[in-house]
Amino acid sequence: MDLKIKNVGEKDCVCEALILPFTEDSPVPYRNLCPSLSGLIKKVYGKEFRGRKNEVFLMPAPGDVRPARVLFAGLGKRAEVSPETVRQAGGKSAVYLRGLGIRETALSPVLLSSLGVSPAYFAEGALLGLYTYSRYRTEKENGTIKNMTVLSRPAKDLSSSLERVKTVASAVWFSRDLVNTPANDMTPAHLAKAAQSLKGKNLSVKVLERKDAQRLGMGSYLSVAKGSHEPPKFIILHYRGSAQAPVVLVGKSITFDSGGLSLKPAEGMEKMKYDMAGGAAVLGAIKAACESRLPVHLVGILPATENLPGGSATRPGDVVRAMDGTTIEITNTDAEGRLIVADAIAYGRRLKPRVIIDIATLTGACSIALGSEAIAMMGNDRKIIGQMQKSADAVFERVWEMPLYEEYAEYLKSDIADIKNAAGRNGSLVAAASFLGRFAGDTPWVHLDIAGTAWAEKERPYTPKGATGIGVRLLSQFIREIK
Ligand code: BES
Ligand code: MN
Ligand code: ZN
């Protein structure tokens, strides 16, 4: 869907559906519409349509105006309107209109502007909501909305926010596609190809093969790859938008997590194709940063491999050595995420970064603690944690901080090595973060566990079922605002 700005009045806009947002509890908010549109509003507002949150109501337009239909879109209580309620209304409206086969839409910005919320949020929700994944469907859907035209005078800040919304939404789509793709078509090599496809001016991509990783001493990462015939790919992206020390983004990229010899139960295992959602979020964020030409220096690191129980798989009890020299007793091969992220963090530290952010579908305990409503956040730097919190609230990819007490390190004491990779069930969300924190050392670092948020079991106003693309908007916002 394309976003446009056009300086015409509501009644003069040629479109199949004119979208009019409403709150629930205010006097008719549209003053300067023509008599026939005003008449239509009077007829339905407060009666069939009340303006409730995410309520949509379609009417044929009066014969003497150009739009063919009017879509009433509810925002809920006036005092509670926020960028997020507007995103949701955008998603709901767009999905509803698509279902009717409508192609040309127009949005009246009058009410939103009067509430101080940019119509760009409505467009953002629409774009995010219209995503579908049809790669394996023999019969494709019948198309989608072609245009959403904001009826406004040309204004620089509006056109630049619409531009940004388009860039970021397309990065979210890119990330969702990678995550939705089944593991037979999203191997480490496929993921490396997807990273290569982003190459361009200022953006370079390097892929380390197994032997390169061996030379670097990444015994922790490589131990996970041993049970699979798919060659591991350690993917590094470099976006040079400034000469400062880099922001390093590490994304867990297990293209399929069977658990390895500590095999997962059959039920739900098919979903473990989404265990590379962290890597997909990093690719999306770097794609958006590069397309927006942000003046930042970014390094993305995606340690990619499968976790399978083949004949040469790592055994529970094996001891391996990570790149930084730490020896690890692998007590559970299903705690593989921390093994690959540890070596990626160790690699990232060598680049002398300002900060390392890692994002990973790391623990089942994350979903148990927070469900699908928030990312679990832990880290060693109050300032970065505060900035991440702020970015999260702005984009409504919410984070909730969990503690990182030093006592948690004791959960991972091994009888024969420096540490072990898995403890008991208690505190397994924070123990996993504590494991990673050891590898970050004194480098400012924040860990984001997206196990509960990366996959949607039910559809939401602007998030269809399946891969959510979580982290793309959060990291994009964080990168834009970091000081
Ligand atoms: N990829 C999983 C975590 C996960 C589970 C993500 C469910 C999304 C949904 C991770 O590799 C894992 O298996 N973690 C184990 C660790 C345990 C063995 C210490 C877990 O959380 O059960
Ligand atoms: Mn696992
Ligand atoms: Zn995993």
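The values are calculated or read from the model by the stated rules, or taken from the named source; none is laboratory data. The shown structure was predicted, so the numbers you read here are calculated from the model rather than taken from an experiment. Heads up, the Cβs are rebuilt from the backbone with ideal geometry, glycines too, and the neighbour counts pull from every protein chain shown. All accessible areas refer to the heavy atoms of the entire protein, side chains included, with ligands and DNA or RNA removed. Shrake-Rupley method; radii C 1.70, N 1.55, O 1.52, S 1.80 Å.
Details
- Summed over qualifying helices (DSSP H, 4 residues or more, each -39500 (n - 2.57)) and divided by its residue number, the chain shows a 222 nm mean residue ellipticity of -10500 deg cm²/dmol.
- Note on exposure: 173, 445 ranked by accessible area (1.4 Å probe, complete protein assembly) read 173, 445, with the most exposed listed first.
- Along the axis of the charge dipole computed for the chain (Cβ charges of +1 for Lys and Arg, -1 for Asp and Glu, origin at the Cα centre), the listed residues 62, 101, 364 are led at the positive end by 62.
- Among beta bridges that DSSP assigns inside the chain, antiparallel share in %, nearest 5: 40 percent
- Accessible surface, 1.4 Å probe, highest first, among residues 176, 98: 98, 176
- Above-threshold pairs, the threshold being 19 Å between Cα atoms, out of 226/252; 287/390; 6/287: 287/390; 6/287
- Whole-number D in µm²/s for the stretch 341-483 (Stokes-Einstein; Kirkwood sum over Cα pairs; 4 °C, 1.567 mPa s): 82 µm²/s
- Across the stretch 203-288, counting alpha-carbon atoms alone, Rg and Dmax equal 15.1, 49 Å.
- Near residue 327, once Lys and Arg are set to +1 and Asp and Glu to -1 for all other residues with Cβ below 9 Å from its Cβ, the sum equals -1.
- Largest-first principal axis extents of the Cα set of the stretch 57-167 (Å): 46, 37, 29
- The chain: equivalent-ellipsoid semi-axes (sqrt of 5 x gyration tensor eigenvalues, Cα, Å): 46, 21, 20
- Rounded to whole Hz, the Karplus (6.51, -1.76, 1.60) HN-Hα couplings of the stretch 47-61, x for glycine and proline: 10, 5, 10, 10, x, 5, 3, 6, 7, 10, 8, 10, 10, x, 7
- Scattering profile of the stretch 275-363 at q = 0.23 Å⁻¹ [log10 I(q)/I(0), Debye over alpha-carbon scatterers]: -1.25
- In a reduced charge model with +1 at each Lys and Arg Cβ and -1 at each Asp and Glu Cβ, the stretch 187-271 shows a dipole moment near 400 debye about its Cα centre.
- Environment charge at residue 208 (Cβ cut-off 14 Å; Lys +1, Arg +1, Asp -1, Glu -1): +3
- Whole-Å semi-axes of the ellipsoid equivalent to the stretch 259-326 (Cα gyration tensor, √5λ, descending): 32, 19, 7
- Of every Cα-Cα pair in the stretch 224-273, the percent that sits beyond 18 Å: 51 percent
- Formal net charge of residues neighbouring residue 370 (Cβ-Cβ distance under 14 Å; K, R +1; D, E -1): -3
- Cα gyration tensor category, rounded, prolate or oblate, for the stretch 1-128 with a/c compared to 1.5: rounded
- Cα gyration tensor, the stretch 362-402 - rounded (a/c under 1.5), prolate or oblate: oblate
- Principal axes of the stretch 235-386: Cα extent on each, largest first, Å: 46, 37, 29
- Length-normalised contact order of the stretch 344-430 in % [C-alpha pairs under 8 Å, at least 6 apart]: 27 percent
- Ordered from highest to lowest accessible area with the whole protein assembly present and a 1.4 Å probe, 264, 201, 465 read as 201, 465, 264.
- In the stretch 88-222, the ratio of gyration radius to Kirkwood radius, Rg to Rh, stands at 1.11 when only Cα atoms are counted.
- Each Cα pair under 8 Å and six or more residues apart adds its sequence gap; the mean of these over the residue count of the chain is a relative contact order of 15 percent.
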